[in-house]
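Visitor: Input: one structure, supplied below.
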Amino acid sequence: MGAGAVALVRLALVGLVLDALLVTDLRVASVVMAAAVAPVVLAVLDADPEVEAASRVAVPVSQAVAARSAVQTVSTPRRGWGRRPGSREEVISGTYPGGSGALKPVGCLPMDSLARPVILDVDTGVDDACALLLAARHPSLDLRGVTCVGGNAPVEDVVANTLTVLEAAGRLDVPVAQGAARPLLEHPVNATHVHGLDGMGDLDWPRSAAGPDPRHAVELLRDVLAEAATGRQADRITLVPLAPLTNIALLLRTHPEVAAGLREIVFMGGAAHVGNATASAEFNVFHDPEAAAVVLDAASELGIPVTMFGLDVFYDPRVTREEADALVAGGGRGAAELGGRLIAFQCERFASTSATIGDAGAVCAVIDPDGVRTERLPVRVELAGTWSRGRTIVDRRDWSGDLAHDPHGAAPAMVDVCLSVDAQRYARLWLDALETGEA
Ligand code: BDR
Ligand code: CA
């Protein structure tokens, strides 16, 4: 398929989704998108790989090498915990608890007046729950909304779990919206063998009676981002997807103008080195590889900075069973007790004396970016492959000779890839946020 044909098909794809939006709601749009993506992907898979590769090289090899060299000159050192280049200059870290106390609802920590606006996209999920508790409780974040997608559990369970977590955190003021029930192309697969039958550890925790926002997740994202686009630079939203990227792909293709309200995307998914859903692929990207590829492509086109908090760092920040038990001991059915029970569930499931805070690490990376070491690298998503579909191919080569002779050229999407993490620092950050305050 030639580059022009690919562009035409993309335009047709967006048109189909927009049509669907006009006549019906976004739940239907996601099905239309899936149906429309299928022939494109099949055509791409059927195409001569060399012709296809040539047509997809957005940047000539010589330019790509030059771009890569430029990136290397500004990259953070390979060791150490340096701030990544040109970003996060306004980050508030190490300031909690603090701030004026005027902005959060009763029963929550006072929010810093310079709190960073964030939206989480989740498939709650034991570790998504850990992430929600942190984002809901930490004073340097201003949680503007939570959108839900099918992943670890069916999307209806994800919504119920998310509302239950926010209630425990005293944050039912945060709008929660239901999004895509299934991936664009793949059949849904859940991860109840990891997260329990209800997707959240089968804790027998009282369910929230609250309901979701009436808007589809994509509509909620569109509205919040559109409003952010009209404000100050500091009001731009940091989007934190912790789940299959279906909602975000639909958003960026349907409403690309929302880029003006986005500061950056910090997502949990992928890896430079390892997989978990398969030997090659990480669960969130494996679950909906087309969506992940669309998000990287759209972010690159729209100039949205992307950070990948993948499996290279995901398992490292860990909380011990003793620390979890101490959280639970306080009781009260609040954030601390729920967080402790979630860690304890994982310790039992994996017969371990400690458990990762998982997706919560990506939220830590927003709060305290100096705790991760990143490199800005080209990333592609493998959409074919017998054993490697859904793998994030992170290009770590550093010799221009290799790059110049690579028929694929450099990937257009440049991503700040987290390669190591100060694990104790992030575990402590999570524990402190849950231990502080009564909610
Ligand atoms: C990711 O997949 C899910 O099981 C977790 O919630 C996390 O987002 C890890 O691969
Ligand atoms: Ca998740």
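Visitor: Which of the residues belonging to segment 187-217 are aliphatic (A, V, I, L, M) and either within 16 Å of ligand 2 (Cβ to nearest atom) or surrounded by 19 or more Cβ atoms within 10 Å (Cβ to Cβ) (or both)?
Guide: V189, A191, V194, M200, A217
Visitor: Looking at segment 124-166, which of the residues that are among the β-branched types (V, I, T) and assigned to a loop (DSSP other than H, G, I, E, B) is farthest from C347 (Cα to Cα)?
Guide: The qualifying residue farthest from C347 (Cα to Cα) is V149.
Visitor: Please report, ordered by residue number, the strands (runs of 3 or more DSSP E) entirely within segment 277-381 with at least 1 residues that are closer than 30 Å to A260 by Cβ.
Guide: It comes to 306-309, 372-381.
Visitor: Only residues that are among the small types (G, A, S) and more than 30 Å from T254 (Cβ to Cβ): list them for segment 166-206, please. It would help to see each step written out before you state the result.
Guide: So the first thing to find is which residues in segment 166-206 are among the small types (G, A, S), and the list is 168-170, 177, 179-181, 191, 196, 199, 201.
Across segment 166-206, the qualifying residues are A168, A169, G170, G196, G201.
Visitor: A further question follows. If I filter segment 170-191 for residues that are closer than 20 Å to A355 by Cβ and at pLDDT 95 or above, do I get at least one hit?
Guide: For segment 170-191, residues closer than 20 Å to A355 by Cβ and at pLDDT 95 or above: absent.
Visitor: Could I ask something else about it? Would you confirm whether or not segment 250-271 contains a residue that is within 15 Å of ligand 2 (Cβ to nearest atom), more than 11 Å from the chain's Cα centre (by Cα), of a type outside the set (S, T, N, Q) and more than 21 Å from A135 (Cβ to Cβ)?
Guide: Yes, that holds for at least one residue.
Visitor: For segment 213-220, state whether one or more residues are small (G, A, S), assigned to a helix (DSSP H, G or I) and at pLDDT 95 or above. Give the derivation first.
Guide: Keep residues of segment 213-220 that are small (G, A, S), which gives 217.
Checking which are assigned to a helix (DSSP H, G or I) leaves us with 217.
Narrowing further to those that are at pLDDT 95 or above: 217.
There is at least one residue in segment 213-220 that is small (G, A, S), assigned to a helix (DSSP H, G or I) and at pLDDT 95 or above.
Visitor: Provide a single number: the residues in segment 348-379 that are over 18 Å from S420 (Cβ atoms) and surrounded by fewer than 20 Cβ atoms within 10 Å (Cβ to Cβ).
Guide: 7
Visitor: Count, please, the residues in segment 273-294 that happen to be in contact (Cβ under 8 Å) with a residue 40 or more places away in the chain and within 10 Å of ligand 1 (Cβ to nearest atom).
Guide: Here the count works out to 9.
Visitor: For segment 205-214, check the following and say yes or no: at least one residue is closer than 22 Å to A160 by Cβ and among the hydroxyl-bearing types (S, T, Y).
Guide: Yes: segment 205-214 contains one or more residues that are closer than 22 Å to A160 by Cβ and among the hydroxyl-bearing types (S, T, Y).
Visitor: Any residue in segment 356-379 that is at positive phi and touching a residue at least 40 places away in the same chain (Cβ under 8 Å) sitting within a Cβ distance under 8 Å of a residue that is part of a helix (DSSP H, G or I) and within 16 Å of ligand 1 (Cβ to nearest atom)? List the pairs, counting only those 6 or more apart or interchain.
Guide: Pairs that qualify, where the first residue is at positive phi and touching a residue at least 40 places away in the same chain (Cβ under 8 Å) and the partner is part of a helix (DSSP H, G or I) and within 16 Å of ligand 1 (Cβ to nearest atom), are G358/V126; G358/D127; G358/D128; G358/C130; G358/A131; G358/F314.
Visitor: In the set A326, A335, which member is more than 19 Å from G151 (Cα to Cα), away from ligand 2 (no atom under 16 Å from the Cβ) and buried (at least 24 other Cβ atoms within 10 Å of the Cβ)? It would help to see each step written out before you state the result.
Guide: Working: A326 fails: buried (at least 24 other Cβ atoms within 10 Å of the Cβ).
Going through A326, A335 in turn, just one is more than 19 Å from G151 (Cα to Cα), away from ligand 2 (no atom under 16 Å from the Cβ) and buried (at least 24 other Cβ atoms within 10 Å of the Cβ): A335.
Visitor: Quick one: which residue in G199, G231, G261, G211 is within 16 Å of ligand 1 (Cβ to nearest atom) and not β-branched (V, I, T)?
Guide: Exactly one residue qualifies, and that residue is G199.
Visitor: Moving on. Give me the residue from segment 387-439 that is among the polar types (S, T, N, Q), surrounded by fewer than 20 Cβ atoms within 10 Å (Cβ to Cβ) and modelled with pLDDT of 95 or more and, out of that set, nearest to the chain's Cα centre (by Cα).
Guide: If we take residues in segment 387-439 being among the polar types (S, T, N, Q), surrounded by fewer than 20 Cβ atoms within 10 Å (Cβ to Cβ) and modelled with pLDDT of 95 or more, then S420 is nearest to the chain's Cα centre (by Cα).
Visitor: Scan segment 223-230 and give yes if some residue there is of a type in the set (G, A, S), over 25 Å from A292 (Cα atoms) and modelled with pLDDT of 95 or more, otherwise no. Give the derivation first.
Guide: Pass one, segment 223-230, residues of a type in the set (G, A, S): 226, 228-229.
Add one more test, that the residue is over 25 Å from A292 (Cα atoms), and what stays is none.
There is no residue in segment 223-230 that is of a type in the set (G, A, S), over 25 Å from A292 (Cα atoms) and modelled with pLDDT of 95 or more.
The values are calculated or read from the model by the stated rules, or taken from the named source; none is laboratory data. Not measured: the values here are computed from a predicted model. Every residue, glycine as well, gets a Cβ built from its backbone with ideal geometry; the counts of neighbours run over all protein chains shown.
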